[in-house]
Amino acid sequence: MGLQVENLTVYYQTLKGNVQALENASFNVADGEIMGLAGESGCGKTTLGHSLVYLNQPMKFIGGRVLLNDQDMPIADMEAMNDFRLKQISIIPQYAMNALNPTRKIGKMTAELLESKKVSFKIIKAELERRLDLVKLPREVLNMYPIELSGGMKQRMVMVLSTLLNPALLIADEITSALDVASQKAVAEMLVEFRDQQCCNSAIVITHDISILYQIADSILIMYAGQLAERASTDAIIHSPRHPYTKMLISSLPKVGVRYEEKKLSGIPGKPPLLLNPPRGCRFKERCPLAFEKCDQVPPFEEIAPGHFVACWKESAKNAQA
Amino acid sequence: MQQLKKKNEMLYFAMRNTKLRIGVIIVLIFVILAIIGPYITHYKPRDYVAPGPQPPSSEFWFGTTSFGEDVFSQFVSGLRATFIVGILGGGMGTLIGVLVGFTAGYRGGWLDETLNMLTNIVLVVPSLVVLIIIAAYLEVRGFLFESVFIGCFAWPWVARAIRAQTFSLRTRDFVDLARLSGMKPLKIIITEIAPNMMSYLLLVFILQFGGAILTAATLDFIGLGPTNTVSLGLMMNNAVIYGALLLGMWWWFIPPGLAITIVVGALYITNVGLDEVFNPRLREM
Amino acid sequence: MKRYFSRKLLIYILTLILAVTVDWLIPRFMPGNPVQIMIARAGLKAESAKLVYSEYMKAFGLDVPIWQQYINFWIALFHGDFGVSLWLFPRPVLRIIMDAVPYDLLLLVPAILISWFAGNNFGAFAARSKWLDNTISPLGYVLTATPYMWLGILLAWALGIVVHIFPFSGAYSYGLMPSLSWKFIGSLLQHWVLPFMSLFLVMFGGWAIGMRNMIIYELEADYSHYLEALGAPKNLVRRYAFRNAVLPQITGLALQLGVIVAGQLVTEIVFSYPGLGYLILQAIQNHDFFLLQGCFLFIIIGVLIANFAIDVTYVLVDPRTRAGMTGEA
């Protein structure tokens, strides 16, 4: 049960060639789990999140398989996916502030969306109102246009709308990055509340802000340059990371619980490689203090401890010895 | 280095864009015709060259008018006039629009309010009607006069667009930096803001160019064009007045209108192509 | 919203004042004495020339100080006094214009509305697929690049002369008098088709292109992507995009009015259709400056009224302005 992703590879088509934004990703998200997905900008975390629900141009499906509750998701087929969107997989996009049609009243838009998906708005209205209460939005918002709502209100409205049909998996893309610190905490807590109330079964929270994940995520997946680097429980990632990149990432944080800016990652020497023509093998090797000749081959994403996966030859070797 | 690379990339996309290629080639063909045309015909536009109306022949490629004038000679010289009006009128419209828009957007405050009001007023005025009333009172109308006046009424939408662009550009980091380092406003505009708008200005100019050609043709057709030159609009005017339709002299009225349609249409398509080159978002994958 | 309208009204009032002032200024500060030119060109008999001259001098009020002349001009205007035509002496200019205006409206209003609706739908249709886009868009660009009078000439020649389908001159047959008979209405409609078509086709191209570009922009907007990500069917996404793309097309209509009016004038000239365009041509050819001035003011006032009507429509259609937002003037 839950989400299983197997060898998912998604590229971006450009005139200069394919940008290899997501390479061979395999991982699971358990029932009821909130998984954080973190990494520098351009590491492929948004590509991963979006490809699960809305794999549109210029993204291109290359290979792999996605199972949700043991059911195959036709993620490469834009039309066939429509049956699963919102009902099975849903997304709170990064642009939540502009996500609502500016010229329709919010309630009317919701009704039209649901009716178009053969769901009766009348039946669901009571639940919708209950959820508005849950996120502390007045019920009158249904009679308002998006422009009459503040940014934070629009964000919460989108949260309610995206989860209205209790999807099995919710993808939350940078939902806190546009907000001030106080609202960030509130929105993050609402997400946990949503999961607890079964508004969504499990969730993937994409962010570059690890401190938020520390508060709400059960586990964290770290990506680097289109490859999965490390996946473990939140505690393990924060306190005992194994991948050299995760170690540098965590240690570059001033202090756990303090928000870090992407720019501060310049604390790690070097830059991520360009994904148009990435280096062979481990993509972190050029910045990695531990790199050796074996790193020219792609390291396997290996389970070195229960629930702790790492893609690093050094760690694999240690594991093999142990 | 970065700049050079960017330029090469633009050029690369420009060469690959079909719309741009088709548009530019068509416009160029007509430009060449306008330049060399007067040298390959033996006649002056208003010369009497043959008796009565004659259909197209090897001697008179586009036939002759009721007055025995060579239509091809009139056509090429009208085409030349068309391009000059387009460049002068379109250039004038772009220039005024850019000046007003820059000033309003960059200075802001009451100056912006005033210029904005002026822009909106000229915007609602039907410019051709004003041109008609001005031209009607003039006994002698020059070519330059027509171009300049067309430009004087065509600028408002340019000013509006440039103003909005300047607003957004002047709040960007690099302009702030220049201002903090004590650069003079004019220098900031020339060195920091203008280069970022060059591509946009080219698009604006092309649209103004096409618009000026259409306006001039309309004015010429009413009979209020330049009194001393032949133009494509005037050819159509003469054709209608002197019964070319009833006499079935299609060679008299088809070429001038067709040329305008093709040139302006090609300009519009060039504009779309250029837009795709400049805006990566619009590029086809 | 109040601010929005008061701002718009201020612009229109200023425009009107400016237009009237230009109308007043031009005959006074252009080289030569227009009254003399008019009378000399008209070639009237000596006694009527004298009559016309004194009538005009009085109408121009050239015997009083310049500021007084200006005020008198305004007072006359408010009394609907536009002077007397020379071409159709001694009919008042206002009457001549009032007789012509119905023909303008008969042509313009349907041409604008039908081309706007049809063009918008067609443009949205073009945005549906690459193939449609590549065939429809070039047609739109060619149509919108066509000079109105040339399309008029072509239609008159092709459908009026080569193939005798429609009459191509005047608003009704010469033998008829305007009346409410079926015969007259039939003739009116027959004469209406060709000028309507030339106006319609050129405008249609412009609206189709405009809508095609707007809807592509809207389909790439965040709200469209969100709907798609939530699995909304294509037709709902398109419906929303269309609705939002129509709003700038309404503003576009206001911006295009000047060009449309110009097209109307030359189309009437081509088809000798007795509207203001035809009057303007007659006024120019007969050096009837009073008539010309009257037409000028009338067109300006008409355009301002149309602009205001479009503003009101926009507010009714765009919920954002209704929701108490102040729009850009």
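The single residue among C:170, C:175, C:231 that is more than 10 Å from every other protein chain (Cβ to nearest Cβ), on the phi > 0 side of the Ramachandran plot and assigned to a loop (DSSP other than H, G, I, E, B) turns out to be C:170.
Conditions tested, residue by residue: (1) at pLDDT 85 or above; (2) in a loop (DSSP other than H, G, I, E, B); (3) among the polar types (S, T, N, Q).
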{"position": "A:270", "(1), (2), (3)": "no, yes, no"}
{"position": "A:276", "(1), (2), (3)": "no, yes, no"}
{"position": "A:283", "(1), (2), (3)": "yes, yes, no"}
{"position": "A:300", "(1), (2), (3)": "yes, yes, no"}
{"position": "A:309", "(1), (2), (3)": "yes, no, no"}
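Selection within the range C:286-318: residues that are among the aliphatic types (A, V, I, L, M) and facing chain B (nearest Cβ under 10 Å). The member of this set that is farthest from residue B:120 (Cα to Cα) is C:292. The set of residues in the range B:216-249 that are open to solvent by less than 20 Å² (accessible area, probe 1.4 Å), farther than 14 Å from residue B:150 by Cβ and among the β-branched types (Val, Ile, Thr) contains only B:230. Just one of the numbered conditions (1) more than 7 Å from every other protein chain (Cβ to nearest Cβ); (2) not in a loop (DSSP other than H, G, I, E, B) is not true of residue A:113: (1). If you go through the range C:240-285 and keep only what is free of Cβ contacts under 8 Å to residues at least 12 places away in the same chain and either closer than 17 Å to residue C:210 by Cα or more than 10 Å from every other protein chain (Cβ to nearest Cβ) (or both), you end up with C:243, C:255, C:259. Within the range A:116-130, restricting attention to residues that are in a helix (DSSP H, G or I) and of a type in the set (Gly, Ala, Ser), which residue is surrounded by the fewest Cβ atoms within 10 Å (Cβ to Cβ)? Among those residues, the one meeting the criterion is A:126. Can you confirm whether the range C:107-130 contains a residue that is among the β-branched types (Val, Ile, Thr), in contact (Cβ under 8 Å) with a residue 60 or more places away in the chain and surrounded by fewer than 18 Cβ atoms within 10 Å (Cβ to Cβ)? Looking through the range C:107-130, at least one residue is among the β-branched types (Val, Ile, Thr), in contact (Cβ under 8 Å) with a residue 60 or more places away in the chain and surrounded by fewer than 18 Cβ atoms within 10 Å (Cβ to Cβ). If you filter the range A:60-109 down to residues that are under 24 Å from residue C:240 (Cβ atoms) and among the small types (Gly, Ala, Ser), you find that the one that is nearest to the other protein chains (Cβ to nearest Cβ) is A:99. The helices (runs of 4 or more DSSP H) found wholly in the range B:1-112 and carrying at least 3 residues that are modelled with pLDDT of 80 or more occupy B:18-40, B:71-107. Note on the range B:135-150: residues that are within 11 Å of chain C (Cβ to nearest Cβ) and in a helix (DSSP H, G or I) total 2. What about residue A:204, is it among the aliphatic types (A, V, I, L, M) and touching a residue at least 60 places away in the same chain (Cβ under 8 Å)? When the stated conditions are applied, residue A:204 passes them. Consider residue A:236 carefully, then state whether it is modelled with pLDDT of 90 or more and crowded, with 20+ Cβ neighbours inside 10 Å. No; evaluated as a whole, the condition is false for this residue.
When residue C:141 is tested against (1) at the interface with another protein chain (Cβ under 8 Å from one of its Cβ atoms); (2) among the aromatic types (Phe, Trp, Tyr); (3) in a loop (DSSP other than H, G, I, E, B), just one condition goes unmet, and that condition is (3). Among the residues of the range B:109-148, those that are without any contact (Cβ under 8 Å) to a residue 12 or more places away in the chain, more than 26 Å from residue C:282 (Cα to Cα) and surrounded by fewer than 18 Cβ atoms within 10 Å (Cβ to Cβ) comprise B:109, B:110, B:111, B:113, B:114, B:117. The residues of the range B:223-243 that are within 11 Å of another protein chain (Cβ to nearest Cβ), within 15 Å of residue B:81 (Cβ to Cβ) and of a type in the set (Gly, Ala, Ser) amount to a single one, B:233. Restricting attention to the range A:136-155, the residues that are open to solvent by less than 50 Å² (accessible area, probe 1.4 Å) and in a helix (DSSP H, G or I) add up to 8. In the range B:92-111 there is at least one residue matching the filter, namely being over 21 Å from residue C:258 (Cα atoms), of a type in the set (D, E, K, R) and away from chain C (no Cβ under 12 Å). Does any residue of the range A:50-72 turn out to be in a helix (DSSP H, G or I) and at pLDDT below 90? No; the residues of the range A:50-72 include none that is in a helix (DSSP H, G or I) and at pLDDT below 90.
If you go through the range B:256-273 and keep only what is open to solvent by 20 Å² or more (accessible area, probe 1.4 Å) and either under 25 Å from residue B:142 (Cβ atoms) or more than 9 Å from chain C (Cβ to nearest Cβ) (or both), you end up with just B:271. Annotation: of all residues in the range A:167-180 being free of Cβ contacts under 8 Å to residues at least 40 places away in the same chain and of a type outside the set (A, V, I, L, M, F, W, C), the one that is surrounded by the most Cβ atoms within 10 Å (Cβ to Cβ) is A:176.
Total residues in the range C:74-97 satisfying the condition of being in contact with a helix residue (DSSP H, G or I) (Cβ under 9 Å, 6 or more places away or on another chain), open to solvent by 70 Å² or more (accessible area, probe 1.4 Å) and assigned to a helix (DSSP H, G or I): the figure is 0. Inspection of the range B:151-168 finds a residue satisfying the criterion of being surrounded by fewer than 18 Cβ atoms within 10 Å (Cβ to Cβ), facing chain C (nearest Cβ under 10 Å) and either within 22 Å of the chain's Cα centre (by Cα) or assigned to a helix (DSSP H, G or I) (or both).
Consider the range B:67-80 and keep the residues that are farther than 13 Å from residue B:236 by Cα and among the polar types (S, T, N, Q). The one that is least open to solvent (accessible area, probe 1.4 Å) is B:73.
The values are calculated or read from the model by the stated rules, or taken from the named source; none is laboratory data. Computed from a prediction, not measured in an experiment: that's the story for all the values here. Cβ atoms come from the backbone with ideal geometry, glycine included; neighbour counts cover every protein chain shown. Side chains are part of the model used for accessible areas, which takes the heavy atoms of the whole protein and leaves out ligands, DNA and RNA. Shrake-Rupley method; radii C 1.70, N 1.55, O 1.52, S 1.80 Å.
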